[in-house]
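See below for the structure under consideration.
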Amino acid sequence: MQIRFAAPGDAAALLSIYAPYVEETAITFETAAPSEEAFRQRIDKTLQHYPYLVSEERGRVLGYAYAGRLRDRAAYDWDAELSIYLEQNVRGRGVGTALYRCLLDLLALQGVRWAYGVVTMPNEASHRLHMGLGFRLAATFPEMGYKHGRWWDVNWYLKELAPRREHPAPLVPLSGTAPQVQEILTSHAL
């Protein structure tokens with residue numbers, strides 16, 4: 001299994017993984033799967049500032065993970081919210097752990113200080129993933145979202161990637177760290 005950056009051309013494959021989460025679960029609070037073009041635009045927009053990773057095995061996409069801004073205000077520039085989605089039949093193979101570790105390493109390289117995982121509960125697999133990677137449970141928001149005829153709790157997990165600095169440097173674009181980026185991608189292959 002290898003990890004690489006997503007490309008807008010991956011939209012159809014990634015959407016095929018994501019759509020069942022939208023339609024069948026409350027793991028995402030999105031209630032209708034986006035179009036392939038909308039998904040392509042999401043990938044492109046994310047890659048302008050943050051990593052968007054794909055796990056692939058012999059040309060088959062197994063899952064993906066990406067980061068995005070936590071909030072729009074400039075004061076939140078050093079915070080990132082993470083998302084991960086896997087094909088249903090690859091759970092338990094370490095794919096999610098490898099993707100998340102790679103994502104966290106790339107965010108640390110960029111200068112992100114805090115990584116947040118926002119998880120609809122119950123979701124024991126995601127809880128174990130976050131806790132196993134050194135996140136801590138920062139908050140539980142009861143009945144935060146309504147989907148599929150019921151209210152769902154949401155846990156926020158938090159992991160510090162860099163120490164506090166009085167005057168933090170701006171985030172480093174991934175293109176500006178190319179040699180280290182390839183090394184990180186390669187080091188997380190299974």
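The values are calculated or read from the model by the stated rules, or taken from the named source; none is laboratory data. These numbers come from a predicted model, not from an experiment. Note that each Cβ is placed from the backbone with ideal geometry, even for glycine, and that neighbours are counted across all protein chains shown. What goes into the accessible areas is simple: the full protein's heavy atoms, side chains included, and nothing from ligands, DNA or RNA. Shrake-Rupley method; radii C 1.70, N 1.55, O 1.52, S 1.80 Å.
Below are the figures for this structure:
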quantity: Tally, over segment 137-190, of residues that are of a type in the set (D, E, K, R), modelled with pLDDT under 95 and closer than 22 Å to Ala65 by Cα; calculated: 1
quantity: Total residues in segment 32-85, condition in a strand (DSSP E or B) and under 17 Å from the mean Cα position of the chain (by Cα); calculated: 21
quantity: Residues of segment 1-26 satisfying the condition of being in a loop (DSSP other than H, G, I, E, B) and open to solvent by 60 Å² or more (accessible area, probe 1.4 Å); calculated: none
quantity: Candidate set: segment 21-69, residues that are among the hydrophobic types (A, V, I, L, M, F, W, C) and out of contact with any strand residue (DSSP E or B) (no Cβ under 9 Å at 6 or more places or on another chain); chosen: the one nearest to Val172 (Cα to Cα); calculated: Phe39
quantity: Scope segment 122-157; condition touching a residue at least 24 places away in the same chain (Cβ under 8 Å), over 21 Å from Gln88 (Cα atoms) and of a type in the set (S, T, N, Q); matching residues; calculated: Asn155
quantity: Selection status of Tyr116, touching a residue at least 40 places away in the same chain (Cβ under 8 Å) and surrounded by 15 or more Cβ atoms within 10 Å (Cβ to Cβ); calculated: yes
quantity: Segment 86-122, subset under 13 Å from the mean Cα position of the chain (by Cα) and assigned to a strand (DSSP E or B), residue farthest from Ala162 (Cα to Cα); calculated: Leu86
quantity: From the options Arg71, Arg40, residue that is crowded, with 18+ Cβ neighbours inside 10 Å, out of contact with any Gly (no Cβ under 7 Å at 6 or more places or on another chain) and among the charged types (D, E, K, R); calculated: Arg40
